[in-house]
Every structure is written in structure tokens, then in C-alpha cells.
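No lab work stands behind these numbers, since they all come straight from the coordinates. It should be emphasised that the depicted structure is a prediction, and the values quoted were computed from it without experimental measurement. Cβ: placed from backbone, ideal geometry, glycine included. Neighbour counts: every protein chain shown.
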Amino acid sequence: MRAAGSPVRALALAACLAVPALVLPAAARAQAPERPLPSLASAADDALSRALAEGRLSEAEYALERARSLFQLSRVRREFGDVERPARRDATLLLRDLAARKRGLAGPERELAEALLARPDDGDVPIGNGWNGVPEAAGSPVCSLLPGTGLCVHWVDTGPDAPSPDDVDPANGVPDWVDLTLATWENAWAQEVAAIGYRTPLPDGVLGGDDGLDVYVDDLGSDGVFGYCTSDDPGVDDPGDFDVWAYCVVDDDYAPGQFGSAHTPQEFLEVTSAHELNHASQFAYDWLEDLWLLEGTATNVEETVYPAVDDNVVFLRDVSPLTAPGSPLDRSGFGDSEYGSWIFWRFLEETIAGGDPTIVREVWERADASAAAAFGDQYSLQAARTELAERGHAFRNLFARFATANRLRDYDDAATAGYPVPPRTAAYGIGPRNRRIAWRPWRIDHLAARFFSFQPSSASPANARLRLDFRLPRHGARATVVVVNRDGTMLRKRLNQGASGRIRWGAPFGRREVARVHLVLTNGSVRTACWRAVGPPSYSCLGRPLDDGRVFSFNAQLVRL
């Protein structure tokens with residue numbers, strides 16, 4: 001049974017400042033305002049974006065054309081001009097944007113939207129990834145026989161969408177690629193749903209032959225798409241319906257000619273399947289959640305299920321807390337930053353939960369907007385904050401630990417997978433000729449950080465001492481110092497300001513013992529006025545952060561013991 005309404009928006013509006021949520025009484029839930037639609041997925045500044053900004057396209061019309069550009073880019077360009085090709089991994093988000101807004105379309109535009117969201121086997125679909133009337137293969141679908149795994153893979157054996165007919169291992173009348181696809185999804189299901197406990201994707205009645213999750217094999221590479229999950233659930237047209245069923249589509253071979261050779265076809269299939277299955281499960285909690293939660297957790301689960309592939313490291317090298325520490329963690333619609341945020345969920349899994357991935361699932365349980373919701377449907381940042389508070393962690397302190405781990409690349413896979421080295425805002429050499437760094441003010445946005453370093457000069461005396469003074473803003477601010485000794489040992493110290501916001505800290509700084517001192521300044525504020533922003537870029541709960549651009553100041557001085 002689907003949720004007729006959601007308590008979240010009354011709750012979240014009452015908790016705009018990110019106060020931990022409480023379940024509201026029924027009378028209050030009944031008065032909850034309609035939830036605003038999530039921000040549109042990030043896109044280039046192209047002809048479609050300009051048409052939206054200038055009011056020539058409504059959000060629904062824009063979502064339609066952006067989704068159409070996944071499969072008919074040349075036709076969209078003929079109509080609008082310089083339209084960028086969508087990113088390979090954005091199909092799920094672009095189709096979500098369309099599904100969420102298609103009730104704002106009518107006539108031929110509505111029909112086009114329905115065609116884009118239709119399954120490949122849905123008759124003669126003239127657009128999107130339809131099989132264009134080609135019937136399913138005689139043996140299709142092949143379904144999992146594992147208990148509790150409601151999963152079926154569909155394919156065709158003729159036409160451009162057909163996988164290779166090779167049927168060698170095992171020789172069972174099913175193409176080897178289809179066998180591999182089913183085995184890969186079974187493995188992802190066993191880890192994500194059975195072991196970690198993510199919710200089973202919602203049943204879809206008899207679509208696809210039964211009510212299980214349907215996965216379609218298609219030639220996605222010709223359109224530059226890795227894979228996607230979307231929904232043809234009638235509930236997508238209901239503004240009070242936040243849990244919907246899904247179906248998913250993967251490529252028919254992940255050929256190097258289409259996808260490159262960074263990974264093998266099987267490895268591309270593996271991480272895409274793990275990622276998209278997580279989306280199908282997310283749709284059973286809240287398909288309209290904030291982008292950084294949707295994509296960050298789905299990208300992180302790739303690392304959990306297939307840790308050796310490391311395809312998600314590419315997002316760390318783009319816009320992520322490692323490469324762009326000054327960009328807020330929950331910022332979406334900015335250079336695929338919602339994907340780069342996966343490192344935060346990896347930090348929670350590795351450091352806070354000691355390798356237990358259920359911590360991320362428990363965040364999703366707090367963000368649950370379905371009829372089964374137990375925590376009042378919290379928005380993304382609120383759900384993370386309250387889950388961590390339940391585990392005894394103040395978010396501002398945890399965020400300081402997270403930023404420090406990023407500065408040190410303190411992750412299990414950092415060295416072998418080639419995590420990028422975070423940039424420093426400034427580096428200072430301190431010695432007898434440069435004994436003092438005057439007060440330096442730096443502005444830091446919410447959920448962002450700045451990194452500094454201090455290094456003793458070759459002339460610094462052995463008994464030198466470094467003294468740092470700080471002035472920190474009131475909400476969420478933390479300063480963390482890391483003393484790196486020449487023998488490789490490190491001392492980490494988080495400094496909490498007093499009522500005045502001022503701190504003084506000192507430590508030995510002799511050149512023979514100390515190699516450098518890192519300073520990590522973090523703005524861990526979670527104060528947000530919800531449902532007030534128009535994006536992209538956007539933040540948690542379409543919110544307007546209340547503590548962006550706060551001023552952090554410090555000075556440094558060399559003194560003798």
C-alpha cells in the first residue's frame with residue numbers, strides 16, 4: 001500500500017534549522033503542504049538551460065527535452081541549438097526529473113514523455129531505448145532461482161539491441177552475456193538487499209511477467225549511456241507518492257569501442273549493476289530525495305560490492321570533497337558533485353561504523369517517505385545528522401574528522417586506487433627569519449573546509465615551538481591540527497572554541513622532530529532554511545544554508561621552549 005501523503009514536509013518545515021526530527025501527530029501531518037519537487041539534475045550551460053532560465057521552457061518541458069537528448073540528441077539540437085550531450089551516468093536522474101514533472105505536460109508532449117519512460121519491450125516505442133517492436137527472445141526472461149531474489153533479465157535475439165548469441169559457459173540456451181548479467185545482479189542483490197538490508201524494490205504487478213524487478217539488456221552504448229533505472233509506476237503522477245517501483249536497463253556488451261578500456265566489460269557491468277540496484281531500492285524509500293544522497297550512496301555502494309573495480313574514483317578527481325574542499329558536501333548540480341560526495345558515505349562506513357555498510361542503509365531508513373516510514377521522513381542531511389547523533393557523534397565534530405581524513409587520504413583504498421591529493425589553501429614556512437604569520441581571515445561555506453600547512457625552516461632551532469591563535473565563528477566551526485613527525489608518527493588534535501570563539505594552541509616545532517603541521521578549518525554547520533532555493537545548484541531539502549561565507553581567522557608564531 002502506498003503512502004497517501006507524507007509527514008515530511010510539515011516536519012522538515014518545522015525543522016528548517018536541521019533540528020532532529022520527531023514524528024508529528026496525525027493532525028499536523030494532515031496539514032502538511034505539498035512537497036516541492038527536487039532540483040533538476042546538473043547540466044551544461046547550453047541552449048536548453050538558457051531556455052529554462054529565460055522562461056521559454058517550463059521545468060516540465062525542459063525535463064522532457066533534456067531526457068530526449070539522452071536518445072535523440074541530434075533532433076533536440078536541430079530544435080534548440082547548442083545542446084550538450086548528457087553525461088554517461090545521468091540517465092537515471094534525467095529520467096527521474098521527467099517522471100516527476102510529466103504531470104505538467106499534456107497532449108503530444110505527454111505522449112513523448114510516456115514513450116521516454118516506457119520499457120524497451122513496450123510495443124513499438126519510437127524513442128528512447130525501445131526494442132522497436134522486436135519481440136523478446138524465446139527464452140526471455142530468465143529469472144533468479146535464489147530464494148527471496150525477485151529478479152528477471154529480459155533480452156532480444158535479433159536487431160541492434162541483441163547481445164552476442166554466444167552460449168558456451170554454461171551451454172543452456174541463454175546467451176552468456178545474459179547469464180552474466182543475471183549472476184551479476186544476483187550478487188549485487190545478495191550483498192545490498194540480503195546482507196546489508198536495503199529494502200526490496202517495490203513489486204510492479206504483472207509488468208515484465210511477474211512482480212519482480214525487471215532488468216532489460218539493450219544497446220545503451222550507442223547513446224553514450226552506462227545504465228539506468230526509472231519508473232513507469234502510475235504513482236509518479238501523484239505528488240504525495242514518494243515510493244514507486246522501478247525497472248532497470250543495462251548495456252548488451254559494454255564494448256570498449258563504446259565505453260573505453262579503463263575497465264573490462266564485466267567490470268563495467270558489475271559497478272553499473274550495483275549502482276542501479278541501489279537506485280531501485282532507493283525508489284522504495286523516497287524516489288524524490290536530495291541528489292547528493294541518491295547518487296552519493298549509490299556510488300559508494302559500488303565500492304562496497306565491487307571494491308576492486310574503483311570506477312567511482314573518477315568522481316573523486318572531478319568535483320569532490322578531496323579536490324574541491326571549499327564546495328559544500330551537500331551541493332548538487334555542480335560538476336557532478338553529487339557523485340563525488342560518495343567519499344562521505346565511505347568515511348561513515350569505514351571510520352564511524354568500522355567497515356559496517358548498514359550505517360548508510362540506516363540513514364536511508366530515516367529518509368524513508370513510504371507508508372512504512374518509522375522516523376518521520378527526514379531529508380538527507382537531517383537523516384545523516386540524526387543517525388550519527390544516535391551513535392553518539394555531534395555532526396560538527398564528525399565533519400571535522402571527515403575533512404581531516406580527506407586531507408590525509410586516510411582511506412583503505414586511497415593509495416592503491418589513486419585518490420587525489422587535496423589542495424592546500426596556503427602553505428607557510430616558519431623559522432627565525434619568518435617567525436610570525438599575521439592574522440589571516442578566510443571565508444568558508446557550510447559543510448566545507450580549508451587546508452593549510454606549516455613547515456619548520458632548516459634554520460629553526462631544535463627547541464622551537466609553534467603557537468596558533470584562532471577566531472572561529474559560532475555555528476559548527478572547528479579547527480583540527482595534525483602534527484606530522486619525521487619518524488612518520490602523527491598527532492591529531494581537534495580544537496573546540498570557548499564562548500568567545502577564540503583558541504590558542506601550541507606544540508613542539510623543532511626541525512629535527514617535526515616535518516610539518518597541518519591545519520584543517522571546517523564549517524560543519526547544518527543550519528538550513530528548507531524549501532527556499534531554486535537550483536541547480538541545490539543543497540539539502542532545497543534549502544538556503546544559513547552559515548555560508550563565515551570568517552575563520554588565525555595567526556601563527558614561532559616561539560622558543
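Some points to look at:
- The chain: relative contact order in percent, alpha carbon pairs under 8 Å with at least 6 residues between: 14 percent
- Taking other C-beta atoms within 10 angstrom as a stand-in for reagent exposure, 245, 531 fall in the order 531, 245, fewest first.
- Compactness of segment 426-560, expressed as Rg and Dmax over alpha-carbon positions, Å: 17.3, 56
- 446, 475 arranged by Cβ crowding within 10 Å, fewest neighbours leading: 475, 446
- Looking at segment 275-353, the trypsin sites (Lys or Arg not before Pro) that sit in a DSSP loop and have at most 13 other Cβ atoms within 10 Å of their own Cβ are 317.
- For segment 435-474, the alpha carbon convex hull comes to 96 Å³ per residue, rounded to a whole number.
- Between segment 299-329 and segment 98-164, the Cα center-to-center distance that results, in Å: 30 Å
- Cβ-defined net charge surrounding residue 527, 14 Å radius [Lys, Arg +1; Asp, Glu -1]: +2
- Among 377-388, 193-204, the order from most to least packed when residues are scored by Cβ within 10 Å on average: 377-388, 193-204
- For segment 408-465 versus segment 332-366, the gap between their alpha-carbon centres in whole angstrom: 26 Å
- Take 492-498, 48-54, 405-411, 334-340 and order them by the average number of nearby Cβ atoms within 10 Å per residue, most first; the result is 334-340, 405-411, 48-54, 492-498.
- Among 343, 430, the order by Cβ neighbours within 10 angstrom, fewest to most, reads 430, 343.
- Only beta bridges with both residues in the chain are counted; by DSSP, about 80 percent of them are antiparallel.
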